[in-house]
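The values are calculated or read from the model by the stated rules, or taken from the named source; none is laboratory data. Nothing here was measured: the structure is a model prediction, and the numbers come from that model. Note that we place each Cβ from the backbone using ideal geometry, even for glycine, and neighbour counts take in every protein chain shown.
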Amino acid sequence: MVFCIISWSSCRNDFDTVPNSGNLEFSQDTIYLDTVFTNIGSSTRTLKVYNRSSEDLNIPNIELSKGENSSYRLNVDGIPGKAFENINILANDSIFIFIETTIDINSFPNPDNSFLYTDKIIFDADSNSQDVDLVTLVQDAIFLYPEQYADGTIETLNLGTEEEPILIEGFFLEDEQLNFTNEKPYVIYGYAAVAPNKTLIVDAGARVHFHRDSGILVANTGSMKVNGAPSSDPELMENQVIFEGDRLEPSFSYVPGQWGTIWLTAGSTNHEFNYTTIKNSIVGILMDSNDGDRTLTLKNVQIFNTSSTGLLARTGDIYGENVIINNSGQTSLSCSLGGRYNFIHSTFANYWNNNFRLFPSVVIDNVLQISETEFETKDLIEANFINCIIYGNEARELIFVEDENAAFNFNFVNSLIRFDDPSGNYSDDPNYDFSNEDLYLNIVRNQDPTFFNTNLNNFNIESEVSGADGIADPAGASASSF
């Protein structure tokens, strides 16, 4: 019996197939590879091909309709290529096809700044032919990146000293590159730096995209002016300036930590951001110390989905009006090492749910630990919050860290704050005496603001049911809105 079984098995073909009859089924009729920048590879899409019949099938050929000239690449059941022969699918089984593309917009005659590139996957070219459409929107862009030298090294910026260098991949923008327009998107690799005494101007409607570990850096005495404007359609935000990562697929729309930060280094000054959205970075804006004039003005600015901090300022001088920060891995607003801060009609929320969060939405301090034994202190000249909301998914969304060796001045007026202390851990700290009208005037505590949709960063409030409804002083409210 054993001998008969072995003999039968050795003579059996792996596949006794029948020809494909045109009855294949597909997981999708059309594969959208979303929007890609020219010469940047897309993410991989998956197509599943089903044989629902009770017989093993043979597909004589699977190919791209544009053949070897197609800008798409396929992998059929583990084999890469653009054309395949004699592909077998077992009865009631399936195979996977993976699709990618990299498209050079300049290889097409008279291309616009964006166009649709299409092709088809053809299954069996005879009378039983079936196909699946492939569609990709290709965008032209202006690419900015550090120089690669002949020895293979890449241009760097030194953030340290000559004796103790701290090098990052980056480059200084040339004078002709210091105006970002809205004609094409910008894609930045490494850190694009604004040189001392230079100003980067970003026009209304500009789109700036960053590759992983990239960002903008403004050097000492440099400035950055972001001139976004109101949009006729708030959902399209066509006149806003948007800073985000270079992955354009919808699945990356709310992924934090895709790029570095906008770093306004110590000594840089007179920065202005108007009608601006910053999203999906590690730190939204990093504002280093400046003991001079106002360093940063924010009007109608949104910062979302940062894996660390939305706005981190060290001894900054910041004025913010109609600012919204949400979904930060650590804290949404950090006013650190003293400084001067004034925020009007702003929302600092944190509904981070990617993992455990250690910090509240807002942290205010006048001290910075340098080493295990060294601490630096600076005066908190003022931190004023008028008509603001500080809220999130933790019980306490506001924390102070005060060193009594330096000034510590703050004030909240007509604002909603989430701070619940049922165990009385902070009852002896005068900074949390919410009955002290010198610190807290017309404050509402622990009442849900009932935002429209925190997952989609919609921080309009539900009137009449919101804990923030009607608490603002109209004289101090901003007339601007997104």
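In the condition set (1) of a type in the set (A, V, I, L, M, F, W, C); (2) within 28 Å of the chain's Cα centre (by Cα); (3) modelled with pLDDT of 95 or more, PHE356 is compliant with all but (3). Quick check on my filter: what residues within region 284-315 are of a type in the set (Gly, Ala, Ser) and crowded, with 24+ Cβ neighbours inside 10 Å? Listed by number, the residues that qualify are GLY284, GLY310, ALA313.
Scan region 30-88 for residues that are at positive phi and at pLDDT 90 or above and report the count.
Pass one, region 30-88, residues at positive phi: 34, 39, 67, 77-78, 81, 86.
With at pLDDT 90 or above added as a condition, the list becomes 67, 81, 86.
The qualifying residues number 3.
Residues of region 428-482 that are in contact with a Lys or Arg (Cβ under 8 Å, 6 or more places away or on another chain) and either closer than 22 Å to GLU402 by Cα or modelled with pLDDT of 90 or more (or both): PHE434, ARG445, ASN446. When restricted to residues that are in contact with a strand residue (DSSP E or B) (Cβ under 9 Å, 6 or more places away or on another chain), surrounded by fewer than 22 Cβ atoms within 10 Å (Cβ to Cβ) and not in a strand (DSSP E or B), region 218-262 contains 16.
For region 87-108, which residues satisfy the criterion of being assigned to a loop (DSSP other than H, G, I, E, B) and closer than 23 Å to GLY41 by Cβ? Break it down into steps so the answer makes sense when it comes.
Narrowing region 87-108 to residues assigned to a loop (DSSP other than H, G, I, E, B): 90-92, 102-104, 108.
Scanning region 87-108 gives THR102, ILE103, ASP104, PHE108.
Of THR161, THR136, all but one fail to be among the hydroxyl-bearing types (Ser, Thr, Tyr) and in a strand (DSSP E or B); the exception is THR136. Of all residues in region 62-86, those being assigned to a strand (DSSP E or B) and within 19 Å of SER27 (Cα to Cα) number 8.
If only residues of region 161-195 that are at pLDDT 95 or above and out of contact with any strand residue (DSSP E or B) (no Cβ under 9 Å at 6 or more places or on another chain) are counted, the one that is nearest to GLU238 (Cα to Cα) is GLU176. Among the residues of region 148-157, those that are assigned to a strand (DSSP E or B) and either at pLDDT 90 or above or among the aliphatic types (A, V, I, L, M) (or both) comprise ILE154, THR156, LEU157. Selection over region 198-215 of residues that are at pLDDT 95 or above and either part of a strand (DSSP E or B) or surrounded by fewer than 17 Cβ atoms within 10 Å (Cβ to Cβ) (or both) gives a count of 9. For GLU176, state whether it is part of a helix (DSSP H, G or I) and over 19 Å from THR297 (Cβ atoms). Against the criterion (part of a helix (DSSP H, G or I) and over 19 Å from THR297 (Cβ atoms)), GLU176 qualifies.
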